[in-house]
Amino acid sequence: MRVIAKSTLKKFWEQAAYQDAQIPLTSWYEEAQKANWKTPQDIKKHYSHASFCKNNRVVFNIGGNKYRLVVEMQYRAGIVWVKFIGTHEQYDNIKVEAIDEH
């Protein structure tokens, strides 16, 4: 998969409060790049706790469920758009289906 954009993830983990997110986000990024997700079921096989929402949004639990990563899947094009990364509290204040890049 083509993940857009690693810079969004990096910008998040470079903040002092979220430096512990670097390793789990890097792992997710590398796994996503190697993946060939064609359907939500393909994601569920590897990420059983992923949640699927309207507008092709998928929510991943990151760092032992400390953070939430929201992506928009474009299965046919093989693209994963990073839309949001944040804490559970920050996640609770967004509309997953409508959020654009964080």
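The values are calculated or read from the model by the stated rules, or taken from the named source; none is laboratory data. Just so you know, these numbers come straight off a predicted model, no measurement behind them. So basically every Cβ, Gly included, is an ideal-geometry build from the backbone, and we count neighbours across all protein chains shown. Heads up: the accessible areas ignore ligands, DNA and RNA and are worked out on the full protein's heavy atoms, side chains in. Shrake-Rupley method; radii C 1.70, N 1.55, O 1.52, S 1.80 Å.
Evaluate the following for Thr8: is it more than 12 Å from the chain's Cα centre (by Cα), of a type in the set (S, T, N, Q) and open to solvent by less than 80 Å² (accessible area, probe 1.4 Å)?
On the way: more than 12 Å from the chain's Cα centre (by Cα): no; of a type in the set (S, T, N, Q): yes; open to solvent by less than 80 Å² (accessible area, probe 1.4 Å): yes.
So Thr8 does not fit the description; no.
Please determine whether any residue of segment 1-16 is touching a Gly at 6+ places or on another chain (Cβ under 7 Å) and assigned to a loop (DSSP other than H, G, I, E, B). Talk me through it step by step, then tell me what you get.
Of segment 1-16, the ones touching a Gly at 6+ places or on another chain (Cβ under 7 Å) are 1-2.
Now drop any that are not assigned to a loop (DSSP other than H, G, I, E, B), which leaves 1.
Scanning segment 1-16, I find at least one residue that is touching a Gly at 6+ places or on another chain (Cβ under 7 Å) and assigned to a loop (DSSP other than H, G, I, E, B), so the answer is yes.
Among the residues of segment 64-88, how many are out of contact with any Phe, Trp or Tyr (no Cβ under 7 Å at 6 or more places or on another chain), modelled with pLDDT of 95 or more and farther than 24 Å from Asp42 by Cβ?
Final tally of qualifying residues: 1.
Return the residue satisfying two criteria in turn: it lies in segment 73-102 and is within 26 Å of Glu14 (Cβ to Cβ) and acidic (Asp, Glu), and of such residues it is most open to solvent (accessible area, probe 1.4 Å).
Ranking the qualifying residues of segment 73-102, first place goes to Glu89.
I need the full set of residues from segment 47-72 which are touching a residue at least 12 places away in the same chain (Cβ under 8 Å), surrounded by fewer than 19 Cβ atoms within 10 Å (Cβ to Cβ) and over 20 Å from Thr26 (Cβ atoms), in order please.
Across segment 47-72, the qualifying residues are Phe52, Cys53, Lys54, Asn55, Asn56.
Of the residues in segment 28-46, how many are open to solvent by 40 Å² or more (accessible area, probe 1.4 Å), at pLDDT 95 or above and of a type outside the set (D, E, K, R)?
Number satisfying all stated conditions: 5.
Would it be correct to say that Asp20 is among the acidic types (Asp, Glu), in contact with a Gly (Cβ under 9 Å, 6 or more places away or on another chain) and either in a helix (DSSP H, G or I) or open to solvent by 80 Å² or more (accessible area, probe 1.4 Å) (or both)?
yes
Pairs under 6 Å by beta carbon, first residue in contact (Cβ under 8 Å) with a residue 60 or more places away in the chain and of a type in the set (Gly, Ala, Ser) in segment 78-93, partner surrounded by 13 or more Cβ atoms within 10 Å (Cβ to Cβ) and outside any helix (DSSP H, G or I), six or more apart or different chains?
What qualifies is Gly78/Met1.
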